[in-house]
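Read-outs throughout are calculated quantities, based only on the coordinates presented, and are distinct from any laboratory measurement. Only a predicted model underlies this, so the values are computations on that prediction, with no experimental measurement involved. Positions of Cβ are generated from backbone atoms using ideal geometry, with glycine treated the same way; all protein chains shown enter the neighbour counts.
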Amino acid sequence: MSIHDELQDTITALVQKGKGILAADESSPTIAKRFQAIDVESTEENRRAYRSMILSTPGLGEYISGVILFEETLGQRSDDGIMLPELCAQQGIVPGIKVDKGKLALSGAPGDEITRGLDGLEQRLTGYKEQGARFAKWRNVYHITKTTPSQLAIEANAEVLASYAAICQAQGIVPIVEPEVLIDGDHSLQRCAEVSEAVFHEVFHALHRHHVVLEHILLKPNMMVPGKQHSQKSSAEEVAIQTVKVLRRTVPAAVPSINFLSGGLSPEEATENLNAMNQLSPQPWELTFSYGRALQEPALQAWRGDMGNAASTQSALFQRARFNGAARYGKYNPLMESESS
Ligand code: 5MM
């Protein structure tokens, strides 16, 4: 099969009506934080048991087309001895892999960070592909303060994101391109929109320079929301209108799908915002989800480290996946939250 056909097959499997992506690629420090919040120790066995449990959720493939895994998970087995990427495939879910190696302070740009992980990426991708991964993810972060993100951070991060995407495509791996303008701070929705517009514009400029085929990427951006500490909250309709406005200005129609991150929004907010976007007039790209916290938080709360809670954990995850599946069509209603799953 040609690389083009391989990439297209993966895009076709990932971009499906009523479905989105589950981000289960928390790095070791992040999963430790999530487990600590429910009093669970982050041992390799606990991480395996939790991830095996959520990936075994009956019917998950009805609303989830792909799952992003952490490197460790690619090599782990389910309770029944099935390799976890194979378990995903059995559920009709495409396994993917987070390939960035986290972030560092960006020299010369106080307060800004840059994501690392390009060294040896080609070789790593070969191994991940043998383990079943068909797509990858790389996340850049941008902090909004009075002085950040600097132009240097915007340009330097775009450059590494585009290099990563080009390397993935050359290996037949679909890249998810994730520029995340963080929600932390007291900035307004307008400031988030201005920064995001500059960031996304630079990302697509760099993707063009690196000859990345836009039909064969997925974009995973933040929504336009006010900072967590901002005095005013915005309605789902305001978020939807501003988000779509910025995306229409910056994302070419060739991109097949925009899969939002939840970025610290509550599960309900993330679903409502996506729903409101899909109630606007049709857009050139699919608008869907690639949520981590907004899909998993209720499941973690249900689990609390007790495998006796497996059924309620799976049902909590399935419920959020189903609600977000409805939001893909603009057919979610907050009243659904009080229905039993
Ligand atoms: C699941 O977390 C992913 C990995 O994050 P770290 O490198 O910080 O451990 C993260 O990239 C995630 O995929 C995105 O932030 C989206 O997740 P949320 O929770 O924001 O929807």
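Table for the structure above
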read-out	value
Counted charge near VAL67, where neighbours are those whose Cβ lies closer than 13 Å (Asp, Glu -1; Lys, Arg +1)	+2
Region 317-341-region 22-67 distance, computed between alpha-carbon centres (Å)	21
Segment ASN333-LYS103, extension gain: residue separation times 0.36 nm, minus the distance between their alpha carbons	79.1 nm
Projected label distance in nm at LYS245 and GLU86, using a 7 Å step from Cα toward the beta-carbon	5.2
Shape category assigned to region 3-340 from the gyration tensor of Cα positions, a/c cut at 1.5	rounded
Stretch gain in nm, segment GLU215-SER28, where the contour uses 0.36 nm per residue and the Cα spacing is subtracted	64.1 nm
Hits among lysines - C-alpha to C-alpha of LYS331 under 19 Å, sequence gap 8 or more where chains match	LYS17, LYS19
Nearest-20 debye value, the chain charge dipole, Cβ charges on Lys, Arg, Asp, Glu	360
LEU280 versus GLU194: modelled label distance in nm, points set 7 Å from Cα along the beta carbon direction	2.0
Loop-resident sites, region 108-143, for trypsin sites (Lys or Arg not before Pro), counting at most 14 other Cβ within 10 Å (DSSP)	ARG116
FRET efficiency estimate (nearest 0.05) - Cβ-Cβ, ILE3 to HIS201, R0 25 angstrom	0.35
20 Å cut-off, amide nitrogen to a point 7 angstrom out along THR147 Cα→Cβ, residues in region 101-118	104-115
Centre separation in Å (Cα based) which lies between region 215-246 and region 80-129	25
Loop-exposed GluC sites (Glu not before Pro) per DSSP, neighbour cap 13 Cβ within 10 angstrom, longest uninterrupted part of the chain	42-338
Simple Cβ-charge dipole of region 47-102, Lys/Arg +1 and Asp/Glu -1, about Cα centre, in debye nearest 20	180
GNM flexibility winner over the chain from ILE68, ILE11, ILE82 (Cα, springs under 10 Å)	ILE82
Potential lengthening between HIS208 and GLU268 on full extension [0.36 nm per residue; Cα-Cα distance subtracted]	18.0 nm
Positive-end residue, the chain charge dipole about Cα centroid, Cβ charges, pick of ILE241, VAL251, ALA32	ILE241
Trypsin sites (Lys or Arg not before Pro) within region 270-341, DSSP loop, no more than 16 other Cβ atoms inside 10 Å	ARG304, LYS331
Most mobile of LEU22, LEU189, LEU121 in a GNM of the chain (Cα contacts under 10 Å)	LEU121
Region 19-161, dipole about Cα centre (Lys/Arg Cβ +1, Asp/Glu Cβ -1), debye to the nearest 20	280
